[in-house]
Amino acid sequence: MMETCSSPEDKPSMFVIIISFTIPGMECIIGIIGNSFIMVTNGAEWVQNRKFSTSGRILFFLSSSRIALQSCMMMESFASLIFPSFYKEDTVYDTFKVIFMFLTFCSLWFATWLNIFYFVKIANFNHPLFLRLKWRITRLMPWLLWSSVFISFCYSVLFSQQIYNTSCNHSIPDPFSNSTKKKYIINTNVINLAIIYNVGMFIPLILFMLAAILLIISLKRHTLQMESNTTGSRNPSMEAHIGAIKSISSFLILYIFNFVALLLYMSNVFDDDSFWIVFCKIIIAAYPSGHSVLLILGNPKLRNTWGRFQHQICSCYFSSCSWTLSGK
C-alpha cells in the first residue's frame, strides 16, 4: 500500500501550474487537431462510399478514442491544479481514473490492431499461420475492435475497486498559525494496480512489439534485397521501405515510453506537483499527438488530404488579406 498526501490549501506553485498547462496542453491540442483530421477524413470516406476500408475503420476508432482521451487529460489536469479539493474527493478521483484508463486501454488496443494490420498486409512471410491471418484479417478486424472496447471497459471498471482510497485529515496543525488545516491522503494499492495494469496493458504491448519487430525485419530484409539488385542511387520503392522502417521504429519507441510513464503516473509514487509527475504527463500527452502526426505523414491518403487542406487554408487567408487591402 502506497500513501500520498496533498493539501488543497497548499496549491502547486505557479511554475508547476504553467508547465503542466503549457507543454501537455499544447501536445493535447496538437493531438486533438491531428486526430480530428484523421477522424473526419475517414468519416468522409465512409459517407462517400457507404462503407469503411479496414484501415479506415481502425483509424476512425483510434482517432476517436484519442480525441476523448486528450480532452479527458486536459480536464483532469485543470481540475487537479485549479480545484484540488474537488478533484481529491473519492468519487471524483475514481471517476477520472476510470474514464482515463478506459480511454487509454482503448487507444492502446486500437494502435496495436493498426500495427498488426499493417504487419499482415505489408510483411512477407511464408509461415502457414501468417498466411491464414493475412487471409482472414479483414473479416476479423470489426470483431477485434469491438472486443477491445469491451475488454477495456472491464479492466477500467476494476480501477474503481480496491485501487485508490482518498481520505481527508482535518487535524493537521499549521506551523504558521494556531489553527489546523486538512490534508488529502490517497492510498494506492500498488499490488492490485500492478496486476490490473499489467494484465490490461502487457498483452497489447507484447502484440504491438511483436508485430512491429517482425514488420521491421521483413522490410529490412526486402530493402537489403533491393539494394543488392540496384546499382546507383536508391529508387523510390527503397526510400518508401526505409521511411516505413523509421516510422514503425518511432511508433515502437513512443509506445514503450508511454507504457512506462503511465505506470509511474497511475501508481502515485511521486507527489502531485513534483517534476516527475509533470514529466510523465508530458510523455503521456506526447504519445497520441506524436503518433497522429506520424500517421498523417506516413499515410499517402492522409498526407495528400492534409496538403490540400493546408492549401485551402492558405488560399482563404491570402484572399481575405487581399480583400482587406483592396477595401482600404
Heavy-atom SASA rank of Val149, Val40 (probe 1.4 Å, accessible area, largest first): Val40, Val149
Residue order for Lys220, Lys301 - accessible surface, 1.4 angstrom probe, largest first: Lys220, Lys301
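Using the per-residue mean of other Cβ atoms lying within 10 Å as a proxy for protection, in what order, highest first, do the peptides 44-57, 94-107 fall? Walk me through the numbers on the way to the answer.
Details: 44-57: 13.9, 94-107: 20.9.
Listed from highest to lowest mean packing, they are 94-107, 44-57.
For the stretch 82-150, what does the accessible surface come to per residue with a 1.4 Å probe? Please give it in Å².
Values: 3520 Å² over 69 residues.
Counting only protein heavy atoms, the per-residue value for the stretch 82-150 is 51 Å².
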Tail beyond 22 Å, pair distance distribution of the stretch 62-166 (Cα, percent): 46 percent
Solvent accessible area, Å² - His222, 1.4 Å probe, full protein context: 80 Å²
Selection from Ile116, Ser148, Asn126, by position along the positive dipole direction of the stretch 46-150 (Cβ): Asn126
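Using only Cα atoms, figure out Rg for the stretch 244-310 and give it as a multiple of 2.2 N^0.38 Å. Provide the component values of the computation, followed by the final result.
Details: Rg = 15.3 Å, N = 67, 2.2 N^0.38 = 10.9 Å.
Compactness ratio reported: 1.40.
First compute the accessible area of the stretch 9-112 with a 1.4 Å probe, then give the percent of it belonging to carbon and sulfur atoms. Each step should come with its number before you reach the end.
Values: 3350 of 4560 Å².
On the stretch 9-112, the fraction of accessible area on carbon and sulfur atoms equals 74 percent.
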Heavy atoms of Thr41: accessible area, 1.4 Å probe, square angstrom to 10: 20 Å²
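Could you please tell me the mean projected area of the C-alpha convex hull for the stretch 14-76, averaged over all directions and given in square nanometres to one decimal?
Working: hull surface 16.9 nm².
About 4.2 nm², averaged over all directions.
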Residue order for Met74, Met26 - accessible surface, 1.4 angstrom probe, largest first: Met26, Met74
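The values are calculated or read from the model by the stated rules, or taken from the named source; none is laboratory data. In this text the structure is predicted, and so the values were computed from the model without any measurement. Cβ atoms come from the backbone with ideal geometry, glycine included; neighbour counts cover every protein chain shown. In case anyone asks, the SASA skips ligands and DNA or RNA and just uses the protein heavy atoms, side chains included. Shrake-Rupley method; radii C 1.70, N 1.55, O 1.52, S 1.80 Å.
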